[in-house]
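The values are calculated or read from the model by the stated rules, or taken from the named source; none is laboratory data. All figures in this text were calculated on a predicted structure; none of them were measured in a lab. So basically every Cβ, Gly included, is an ideal-geometry build from the backbone, and we count neighbours across all protein chains shown. The accessibility values were calculated without ligands, DNA or RNA, using every heavy atom of the protein model including side chains. Shrake-Rupley method; radii C 1.70, N 1.55, O 1.52, S 1.80 Å.
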Amino acid sequence: MNAKSRLNGKRFVVGISGGIAAYKSVELVRMLRREGAEVQVLLTPDAHRFVTPLTLGTLSEREVLTEIFPANENGSWTKHVHLGLWADLMIVAPATANTLSKLVSGVCDSMLTAVALSARCPMLVCPAMDHDMYEHPSTQDNLETLRSRGTTVMDAPEGLLASGLTGKGRLPEPVDIVSTAAVILAYSTPRSSGPQVLVTAGPTRESLDPVRYITNRSSGTMGFELARAAQRLGYQVTLVAGPTALETPEGVARVDVETAREMHRVVMDNRNADVIIMAAAVADYEAGEVAGDKIKKGDGDLTLTLRRTPDILRELGTLRREDQVLIGFALETRDAEKGALNKLHGKNVDWIVLNNPTEAGAGFGPGTNKVTLFGRDGSVEPLPTMSKADVALAILGVALPDISREA
Ligand SMILES: Cc1cc2nc3c(=O)[nH]c(=O)nc-3n(C[C@H](O)[C@H](O)[C@H](O)COP(=O)(O)O)c2cc1C
């Protein structure tokens, strides 16, 4: 099987508990990364005795997490929920007898066990332990319970064990874990029920002549992450995307547009969605007249006349249903809060997500973002600097708490 094409861009949480076979999980993380996957490693406190966060953090290129309550209180406490939604697959390898029993009974005393409880993605568990521990009825019952709940459990192969005994209890080879992961992902179907969400993303492109256009620096990442997060939460998502090279999130219906007018038309066609999130950086102005031929260079300056494009958010705010949730984005570089509040009230929306691209950690591109949410009810929710995937989940958590829970 060619796992590579299937794992490219996939997101894995790899939970490692405190067994001697933890050293093999270092190779597992390495293999997943080589296949193009993103990997978030979670170590139980006891796993630190077997492998180091330094090694795993270096290979995964992400901070390795252990505690639910981080020493550095920067608002990252929701990570156990975010990661459970972020991942396409959670792998627990090795799963010790101790961790297995926690997974079964719902104990969540570390980041690994907490993420396992909140994960909505499929889970692959790879037990590894001494032969007698493995064959013990408690362990076997736990494995059976996990299977009955839909978790994929790999059998522990037979062989020489660290204890010196021979029998079942070895961790499957990393290459076999990766192949099983690829099969699970190939057969897991995206959710397609629940409330409807319309998300706009990316820039628009306004032609001046057949070869030139006006656009902006939006990459579309924030909107695409919102679409991905909403789909994970169980919404039916339609994503209206301006020109961007980003891949469509799984399970999301995408409509590509180029200009502000095209975006206006598609959004209006879909304005009955339960939730509308206008994350696109829609051009405020278009050419007064698009030249039929390439504009020739002259000796002097050139003056362009620009015309206002339709104000999509204002129109949505005017036509909205009361039970609809309308979320707009404001990008301000000066008097940011005032600009956000004007937009919130002037356009009759429920939430404005303010970002200022000149702030550290915020702005365009695939990296992090730092936003503040302003609610119609007067609430102000500043979020810490986070990856755009985490910001997307946090925005949905704040703006749609009731619907998120139902979905
Ligand atoms: C050297 C050594 C090796 C161990 N190997 C295993 C093992 O392979 N599997 C297992 O279930 N427990 C093993 N244990 C026991 C676990 O480390 C112990 O139950 C621990 O509390 C597990 O914590 P955790 O599941 O939270 O990581 C080992 C203990 C020691 C000291």
Qualifying residue in segment 220-236 (condition: open to solvent by 20 Å² or more (accessible area, probe 1.4 Å) and part of a loop (DSSP other than H, G, I, E, B)): no
Complete set of residues in segment 9-26 that are within 12 Å of the ligand (Cβ to nearest atom), over 14 Å from residue 170 (Cα atoms) and among the aliphatic types (A, V, I, L, M): 16
Qualifying position, being out of contact with any helix residue (DSSP H, G or I) (no Cβ under 6 Å at 6 or more places or on another chain), away from the ligand (no atom under 15 Å from the Cβ) and modelled with pLDDT of 95 or more, among 54, 43: 54
Check on residue 36, more than 15 Å from residue 129 (Cβ to Cβ), more than 16 Å from the ligand (Cβ to nearest atom), in contact with a Lys or Arg (Cβ under 9 Å, 6 or more places away or on another chain) and in the same structural domain as residue 88 (by TED's automatic domain parsing): yes
In segment 71-120, residue modelled with the highest pLDDT [restricted to those that are more than 16 Å from the ligand (Cβ to nearest atom) and open to solvent by 40 Å² or more (accessible area, probe 1.4 Å)]: 120
Tally, over segment 255-314, of residues that are of a type outside the set (A, V, I, L, M, F, W, C), farther than 22 Å from residue 399 by Cβ and either touching a residue at least 60 places away in the same chain (Cβ under 8 Å) or touching a helix residue (DSSP H, G or I) at 6+ places or on another chain (Cβ under 6 Å) (or both): 8
Residue in segment 147-159 that is within 20 Å of residue 15 (Cα to Cα), modelled with pLDDT under 95, within 16 Å of the ligand (Cβ to nearest atom) and not in a loop (DSSP other than H, G, I, E, B) present: yes
Criterion: in the same structural domain as residue 368 (by TED's automatic domain parsing) and closer than 26 Å to residue 8 by Cβ - qualifying residue of 273, 260, 241: 241
